[in-house]
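Report on the structure given below.
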Amino acid sequence: MTLLDDRGWSSGGPSGIRSHQSLETLTETARVVVGPNEPPEGRSHEEEAALHWAHLAGIAQAQGVPIAAGELAGCRTRCTSALGSGHG
């Protein structure tokens, strides 16, 4: 299930990304890329995060996945319980 399709990043280096990037580095980069944006003036980081996760939860809910924003925000690895195995 796709929740965001307008973000991404690239990484240069020798072929075989696993030879020069750890899983932890890739995971952290992915979380930064798909996480909340910097808040606009007048909005806190917490407010921006709440809006971001609510938006993503709404997308998931529209596709039939009953997940709350807080539950989605709390995902640290794959959210297999709500989103299905292999998706998240």
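The values are calculated or read from the model by the stated rules, or taken from the named source; none is laboratory data. Because the structure is a prediction, the values reported are computed rather than measured. Here the Cβ is made from the backbone with ideal geometry for all residues, glycine too, and neighbour counts use every protein chain on show. Accessible surface areas use protein heavy atoms only, side chains included; no ligands, DNA or RNA. Shrake-Rupley method; radii C 1.70, N 1.55, O 1.52, S 1.80 Å.
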Tally time: how many residues in the stretch 26-43 are at pLDDT below 85, under 19 Å from residue 57 (Cα atoms), open to solvent by 50 Å² or more (accessible area, probe 1.4 Å) and not aliphatic (A, V, I, L, M)? 1
When both residues are 6+ apart or on different chains and their Cβ atoms are under 9 Å apart, which pairs have a first residue that lies in the stretch 39-50 and is at positive phi, and a second that is exposed (fewer than 11 other Cβ atoms within 10 Å of the Cβ) and part of a helix (DSSP H, G or I)? none
Top-ranked residue in the stretch 62-84 [being modelled with pLDDT under 85 and polar (S, T, N, Q); ranked as nearest to residue 27 (Cα to Cα)]: 77
